[in-house]
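Following: one structure in structure tokens, then a few remarks.
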Amino acid sequence: MRVRPPARHGDLFDPSVADGDQVVLIDGVYHQSPALRHKEVLSALERGVPVIGAASIGALRAAELAPYGMVGVGAVFDAYACGEIEGDDEVAVGQAPDGQWQALTWPLVNLRYVLGLARDEGVVGRERAAVLLEAFRAVYYPQRTPAAVRAVCRREGAVDFYDWLADRRSGDQYFGDLKRADALAAVRRALAGAPPPGVVPVPENPYVRQWANSFAQSRVAGLDLLTVDRLVYQQVFDPRFPRRWHAFLEHRSLHPAGERGRPLAERLAEVGGSLPAHRVFHPQVDLRDEQTVARLLAGETLADRHAVARYARAREAARTAQPGFSIGAIRADLTRTLLSEAWQVPIDQLDAQASARGLGTAVRAVDAARRLVPGYLDECKERAAHAG
């Protein structure tokens, strides 16, 4: 069993989550990072990875995706599934900023639960419990600390409830932690090896393929590299890549999915034959497919891989040095200059080269090549320093 940090967008595309594994989804981030998307869960289910959800975003996603084969466990899941609770804020917590993922605040679903226990024991009445719940809900989730809970209780004249809760928690630090109880139940369910339900197939859309391509990675020559980094590096810097792209188009024409294969020239003849193949055919590339990757990266050298690793480090350094840095914010004019120098053509002729290299258009080539700019600028500085 492997324990991982709270899930985020892309985690289920991690190649270490192999077909036949089982995922127990508990917590996830969504404020400081994109949340785990529904289609990622569906993609994992379809490739044979059972997904159990509980407690937090796991319970929320399970309630939404139960019809497609995700399994929900626990009281929080049940509450979402039956419509008793609806909002994401029910399970949201503020976390420690040091990467330890410690919850620093009370989730509303736990407060709802302990109010129910207090009501059953006669500590608070039904109306007072409802007032307190709304008062707790009004506190922004990262600020709903134990001190804030105490302050709300004092303001609402419910010190007796807070004293009861503090007394119970002094004897049991996990008292009232419904999310924790559900998480443990989900882990027990997974360890019991209960058979997963049938999965309802959902057609993969371009967004899922794009996300999967963005997160596909492998360990090559001792380097952990994103496959998209390796491919874009070849598309931009390898002068032989246009021939490799043409060979890829020929292979796809002879071996298409779900139809009879035909020579590329035959297909071109049907559409007039005056345009090169790369201007006519734009197949989707799946970077999870090992044969596709092997064909497109057939010309990659060890030096290329080390360059890709350097470029990735430069990108990460830029992200660390510049708060709010993103690849999409890199200036288009810098990227066009990079492409013009790499392809040795004027900027107004980038379209033809981009198409010949499988990048489609100059605009798309700029979007793809932005990830190379920090590393390219570092190399330019190094060359200038050596020349000086």
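No value in this document is a laboratory result; all are computed from the given coordinates. It should be emphasised that the depicted structure is a prediction, and the values quoted were computed from it without experimental measurement. Methodologically, a virtual Cβ is constructed for each residue, glycine included, from the backbone with ideal geometry; neighbour enumeration extends over all protein chains shown.
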Problem set entry | Hypothetical label at V220: residues of segment 1-43 whose amide nitrogen lies under 16 Å (7 Å Cα-Cβ projection) | 15
Problem set entry | Order of D167, D182, D88 under a 10 Å beta carbon neighbour criterion, fewest first | D167, D88, D182
Problem set entry | Calculated mean projected area of the Cα convex hull in nm² (choose from (i) 23.6; (ii) 18.2; (iii) 25.6), label | (iii)
Seminar exercise, completed: CD proxy, 222 nm, the chain: helix-only mean residue ellipticity via -39,500 (n - 2.57) per DSSP H run with n ≥ 4, per residue, nearest 500, stands at -16000 deg cm²/dmol
Problem set entry | Highest-MSF residue in the chain out of A294, A81, A303 [GNM, Cα springs under 10 Å] | A303
Exercise. Are there trypsin sites (Lys or Arg not before Pro) in segment 231-294 that DSSP marks as loop and that have at most 14 other Cβ atoms within 10 Å, and which are they?
Worked result: R240, R260
Problem set entry | Length-normalised contact order for segment 108-180 - Cα pairs under 8 Å, 6+ apart - percent | 40 percent
For this session: Nearest 5 is fine: what % of DSSP beta bridges in the chain come out antiparallel, could you say?
Result: 45 percent
For this session: Lys and Arg at +1, Asp and Glu at -1: add these up for the other residues within a Cβ distance under 11 Å of A63 and post the number.
Result: -3
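Just need the relative contact order of the chain here, percent rounded to a whole number, with Cα pairs under 8 Å and 6+ apart.
For the chain, the relative contact order is 13 percent.
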Problem set entry | segment 327-383 - percent relative contact order, Cα under 8 Å, separation 6 or more | 38 percent
Seminar exercise, completed: Ranked from fewest to most other Cβ atoms within 10 Å of their own Cβ, M1, M70 fall in the order M1, M70
Problem set entry | Highest-fluctuation residue, A329, A181, A59 considered, GNM on the chain with Cα pairs under 10 Å | A329
